[in-house]
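Here the structure is laid out as structure tokens; the discussion comes afterwards.
The values are calculated or read from the model by the stated rules, or taken from the named source; none is laboratory data. Everything quoted here is computed from the prediction, not taken from an experiment. Virtual Cβ from ideal backbone geometry, glycine too; neighbours counted across all protein chains shown.
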Amino acid sequence: MASLSGLCSSSPSLNPKNPTSKPIPSVRKDFVAFPTRPTRTPSLIQTQSVAREVSSDLSNTNDSVPKNAKKGLEKDPHGLWKRYVDWLYQHKELGLYLDVSRIGFTDEFIAEMEPRFLAALKAMEELEKGAIANPDEGRMVGHYWLRNSNLAPTSFLKTQIDTTLDAVCSFADEVVSGKIKPPSSSEGRFTSILSVGIGGSALGPQFVAEALAPDNPPLKIRFIDNTDPAGIDHQIAQLGPELASTLVIVISKSGGTPETRNGLLEVQKAFREAGLEFAKQGVAITQENSLLDNTARIEGWLARLPMFDWVGGRTSEMSAVGLLPAALQGIDIREMLAGASLMDEANRTTVLRDNPAALLALCWYWASDGIGSKDMVVLPYKDSLLLFSRYLQQLVMESLGKEFDLDGNRVCVNILNILIFVNQGLTVYGNKGSTDQHAYIQQLREGVHNFFVTFVEVLRDRPPGHDWELEPGVTCGDYLFGMLQGTRSALYANNRESITVTVQEVTPRSVGALIALYERAVGIYASMVNINAYHQPGVEAGKKAAGEVLALQKRVLAVLNEASCKQPVEPLTLDEVAERCHAPEDIEMIYKIIAHMAANDRALIAEGSCGSPRSIKVFLGECIVDELYA
Ligand SMILES: O=P(O)(O)OC[C@H]1O[C@](O)(CO)[C@@H](O)[C@@H]1O
């Protein structure tokens with residue numbers, strides 16, 4: 001019998017199909033139920049988060065989840081106030097507070113986690129010094145250098161960072177001042193930005209625009225962040241004649257992401273149709289010599305700015321990716337960088353109580369048992385921070401959602417003396433308060449207990465001089481405040497844990513600090529659970545499968561085209577198409593391809609209907625004489 005605490009190697013004998021595997025017991029924390037103060041043990045996790053494989057004959061195990069029992073949450077008001085004061089973190093210069101008192105961690109837990117915390121900080125130190133912190137891709141991880149280039153491990157990298165920042169600032173200044181202008185707009189200056197990019201090449205700029213863009217920015221921003229043709233058409237239609245004064249920023253680290261390429265091609269077509277010269281209005285932000293970079297260089301685009309190999313997409317907000325769009329909207333990017341840098345500084349201390357990112361990571365670990373057994377609901381009580389949860393979704397989930405740890409093992413946990421494999425991750429969702437009060441907070445208060453909350457509080461309601469009392473002694477912002485505090489209390493009363501991050505105001509400085517806080521918390525948490533936070537192997541699987549679907553579609557088209565070029569036209573059943581494609585096992589996908597083409601008038605159904613796949617006979621509307629279809 002193996003030790004019952006730990007990380008397990010992925011031995012083939014643990015395959016779910018292996019007959020030696022035992023069924024997963026249905027275990028829920030609620031089974032250890034106490035009416036007011038539930039005692040939870042970290043080794044009991046919710047069934048929805050457990051993996052499918054179980055074995056009681058495991059080797060190579062060690063600690064994955066501390067075994068100290070979770071105590072009930074403090075409910076005594078004096079005890080709670082003491083806990084609040086004892087653990088309250090404040091960053092004076094940033095005006096940022098972190099309250100972790102409503103997470104129920106114990107002193108024993110902190111003591112038990114200390115070695116991991118210190119090891120994680122050591123790993124962060126190495127990372128900042130330029131270690132290959134992303135071993136799979138053999139890359140350094142250098143987003144922290146972006147806000148303090150003196151930290152860059154070589155003078156070459158420092159110069160790259162400084163030069164790029166200067167280039168971003170001067171290009172933005174020249175565009176905003178009208179020195180760089182669109183070639184054929186009556187406006188005489190650029191008025192809009194159309195940002196084309198996806199994932200980390202969109203989410204940061206979207207979050208920052210929503211949070212910080214002034215009401216009347218020098219350039220308004222729009223985004224194309226998908227390959228949805230209707231969505232793209234909508235953005236272009238909304239621009240209308242303003243396309244002539246629109247700066248198109250195409251952002252892709254790799255320079256080869258299909259959705260972004262498609263967005264670019266669609267926008268270029270719109271430019272052609274409007275009689276505009278795209279190159280004079282196009283900017284590329286990408287790695288040197290990527291496909292996008294080469295295209296931009298050959299076509300002579302207005303500007304090209306670099307993305308660095310050592311900056312991941314989801315941590316690229318402080319690179320040209322986030323800085324250029326922000327600067328063009330009149331956002332003070334040096335303040336954003338300063339906020340991030342101050343936060344980074346704070347997160348280097350080995351004193352846990354003074355390290356906000358480590359506090360966050362420990363809370364996540366406690367609340368989700370170090371295996372993501374609970375979701376993180378992010379609730380900013382401020383409209384302008386609406387996109388924070390969406391931004392964090394990628395930052396956290398793409399970083400932490402991993403099957404294997406850094407040693408190539410899968411995590412396993414002990415549930416009632418049975419070891420169960422779990423994949424790592426931490427689910428993030430949320431919108432904003434108090435809007436969500438009228439949507440899903442009912443479930444948070446009384447429904448399935450599978451989450452912890454992060455409240456984001458902004459102390460300043462609106463700029464000075466604009467406030468008024470809509471009833472005696474009470475402003476609109478007081479209501480928002482009351483809703484936040486009320487929800488926090490009501491959730492806690494029902495044993496729902498929460499963290500509260502408070503900032504004075506939503507400013508470039510505080511937004512920079514928030515981004516830096518979460519970037520570091522993710523890094524520390526990943527170290528604590530021994531995973532690579534900086535790669536995304538799972539995303540590749542979906543991309544590869546999408547490529548295979550498109551390759552199959554081309555074969556389907558060729559087969560249909562051949563039959564449709566016959567005289568008379570030969571409508572084919574799905575079985576016939578699959579057989580001629582030499583892909584009988586892909587018949588369902590072939591059906592979906594044909595149904596999609598038929599819905600878009602690119603294939604004609606001769607017989608039957610898409611609701612009865614076996615009845616379908618299909619052909620193309622015209623015979624295409626093109627070698628691509630051969
Ligand atoms: O900037 P790129 O290379 O276009 O990638 C966009 C996004 O795609 C991903 O690689 C996932 O597919 C993200 O990590 C990244 O932010």
Hey, does segment 495-514 have a residue that's part of a helix (DSSP H, G or I) and either within 17 Å of Trp364 (Cα to Cα) or free of Cβ contacts under 8 Å to residues at least 60 places away in the same chain (or both)? yes
When segment 152-169 is checked residue by residue, the ones that are surrounded by 13 or more Cβ atoms within 10 Å (Cβ to Cβ) and either of a type outside the set (A, V, I, L, M, F, W, C) or assigned to a helix (DSSP H, G or I) (or both) are Pro153, Leu157, Lys158, Gln160, Ile161, Asp162, Thr164, Leu165, Ala167, Val168, Cys169
Verdict on Glu540 being over 30 Å from Leu352 (Cβ atoms) and under 20 Å from the mean Cα position of the chain (by Cα): yes
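For every residue, the table says whether it meets (1) within 28 Å of Thr246 (Cβ to Cβ); (2) under 22 Å from the mean Cα position of the chain (by Cα).
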| site | (1), (2) |
| --- | --- |
| Arg297 | yes, no |
| Met318 | yes, yes |
| Leu324 | yes, yes |
| Ala338 | no, no |
| Asp344 | no, yes |
Of Arg509, Arg496, the only residue that is charged (D, E, K, R), crowded, with 21+ Cβ neighbours inside 10 Å and farther than 26 Å from Leu400 by Cα is Arg509
Mind checking which residues of segment 521-561 are charged (D, E, K, R) and in contact with a Cys (Cβ under 9 Å, 6 or more places away or on another chain)? Arg555
Given the criteria more than 16 Å from the ligand (Cβ to nearest atom), surrounded by 18 or more Cβ atoms within 10 Å (Cβ to Cβ) and in contact (Cβ under 8 Å) with a residue 24 or more places away in the chain, does Val141 qualify? no
Residue match in segment 376-383 (condition: away from the ligand (no atom under 14 Å from the Cβ), farther than 21 Å from Leu94 by Cα, in contact with a strand residue (DSSP E or B) (Cβ under 6 Å, 6 or more places away or on another chain) and not β-branched (Val, Ile, Thr)): yes
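Every residue, every condition in (1) under 27 Å from Leu194 (Cα atoms); (2) surrounded by fewer than 23 Cβ atoms within 10 Å (Cβ to Cβ), yes or no:
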{"position": "Glu317", "(1), (2)": "yes, no"}
{"position": "Pro325", "(1), (2)": "yes, no"}
{"position": "Glu335", "(1), (2)": "yes, yes"}
{"position": "Arg353", "(1), (2)": "no, yes"}
{"position": "Leu392", "(1), (2)": "yes, no"}
Restricting the search to segment 548-566, which residues are modelled with pLDDT of 95 or more and in a loop (DSSP other than H, G, I, E, B)? none
For Gly611: the one exception among (1) at pLDDT 95 or above; (2) farther than 17 Å from Val549 by Cα: (1)
Glu588 vs. criteria of a type in the set (Asp, Glu), within 16 Å of the ligand (Cβ to nearest atom) and within 39 Å of the chain's Cα centre (by Cα): no
What number of residues in segment 74-100 are surrounded by fewer than 21 Cβ atoms within 10 Å (Cβ to Cβ) and part of a loop (DSSP other than H, G, I, E, B)? 7
Within segment 528-547, track down each residue that is within 16 Å of the ligand (Cβ to nearest atom) and part of a helix (DSSP H, G or I). Pro537, Gly538, Val539, Glu540, Ala541, Gly542, Lys543, Lys544, Ala545, Ala546, Gly547
Could you run through segment 550-571 and say how many residues are surrounded by fewer than 16 Cβ atoms within 10 Å (Cβ to Cβ) and closer than 12 Å to Ile593 by Cα? 3
Counting only residues that are surrounded by 24 or more Cβ atoms within 10 Å (Cβ to Cβ) and of a type in the set (A, V, I, L, M), which one in segment 304-315 is nearest to the ligand (Cβ to nearest atom)? Met307
Based on this model, can you work out whether Ala516 counts as over 26 Å from Lys617 (Cβ atoms), within 16 Å of the ligand (Cβ to nearest atom) and modelled with pLDDT of 95 or more? no
Please give the number of the condition Leu323 fails out of (1) assigned to a helix (DSSP H, G or I); (2) more than 20 Å from Ser170 (Cβ to Cβ). (2)
Glu345 being away from the ligand (no atom under 15 Å from the Cβ) and surrounded by fewer than 20 Cβ atoms within 10 Å (Cβ to Cβ): yes
So Tyr525, is it within 29 Å of Ala119 (Cα to Cα), aromatic (Phe, Trp, Tyr), touching a Phe, Trp or Tyr at 6+ places or on another chain (Cβ under 8 Å) and part of a helix (DSSP H, G or I): yes
Considering only helices (runs of 4 or more DSSP H) wholly within segment 184-299, the ones with at least 2 residues that are within 16 Å of the ligand (Cβ to nearest atom) and not small (Gly, Ala, Ser) are 203-212, 258-273, 291-299
Select, from Leu386, Leu400, the only residue that is touching a residue at least 12 places away in the same chain (Cβ under 8 Å), within 14 Å of the ligand (Cβ to nearest atom) and surrounded by fewer than 24 Cβ atoms within 10 Å (Cβ to Cβ). Leu400
Tyr591 being free of Cβ contacts under 8 Å to residues at least 40 places away in the same chain, surrounded by 13 or more Cβ atoms within 10 Å (Cβ to Cβ) and of a type in the set (Phe, Trp, Tyr): yes
Out of Val453, Val503, Val448, Val474, I need the residue that is surrounded by fewer than 18 Cβ atoms within 10 Å (Cβ to Cβ), touching a Gly at 6+ places or on another chain (Cβ under 9 Å), modelled with pLDDT of 95 or more and not polar (S, T, N, Q). Which one? Val474
With the structure loaded, tell me whether Ala533 is of a type in the set (Gly, Ala, Ser) and touching a strand residue (DSSP E or B) at 6+ places or on another chain (Cβ under 9 Å) or whether it fails that test. yes
